[in-house]
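Accompanying notes for the structure given below.
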Amino acid sequence: MKREKSFATQVGEYSNLAFALPVSCLVGYAIGYYLDRYFETHFLYIVFLLLGVAGGFLQIYKQISKDDKDNNGA
């Protein structure tokens, strides 16, 4: 038997999604920025920013897929 999530649990999960993309972008940019400074390059921040964007979208996709699976009872 499936147990329904409380309202507070749902709010917590979806507010987490609101921060997933911006935080992952910021972390990716910061890693690339500091690697650029360390290796004296000028392109790593873009690479890591794109990795952060991809990671953020992946996190959002996984959460939505999980919720859709839970709601459809599969």
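Some observations on this one:
- Given the chain, longest segment not containing exposed loop trypsin sites (Lys or Arg not before Pro) (DSSP; at most 15 other Cβ within 10 Å): 6-74
- Of all aspartates and glutamates in the structure, the ones whose alpha carbon falls short of 16 Å from that of Lys69, not counting any fewer than 8 places away in one chain, are Glu4, Glu13.
- Cα-centred dipole magnitude for the chain, charges only on beta-carbon of K, R (+1) and D, E (-1), debye, nearest 20: 260 debye
- CD proxy at 222 nm, helix term only [per DSSP H run n ≥ 4: -39500 (n - 2.57); per residue of the chain; nearest 500]: -30500 deg cm²/dmol
- Signed unit charges on C-beta, dipole axis of the chain, positive-most listed residue Ile31, Leu17, His42: Leu17
- Convex hull projection area averaged over all views, the range 21-72, Cα basis, nm²: 3.3 nm²
- For the chain, the longest principal axis of the alpha carbon atoms and the long axis of helix 44-72 meet at an angle near 10°.
FYI, it's all coordinate maths here, none of it is from the lab. Computed from a prediction, not measured in an experiment: that's the story for all the values here. Don't worry about glycine lacking a Cβ; one is built from the backbone with ideal geometry, like all the others, and counts go over all protein chains shown.
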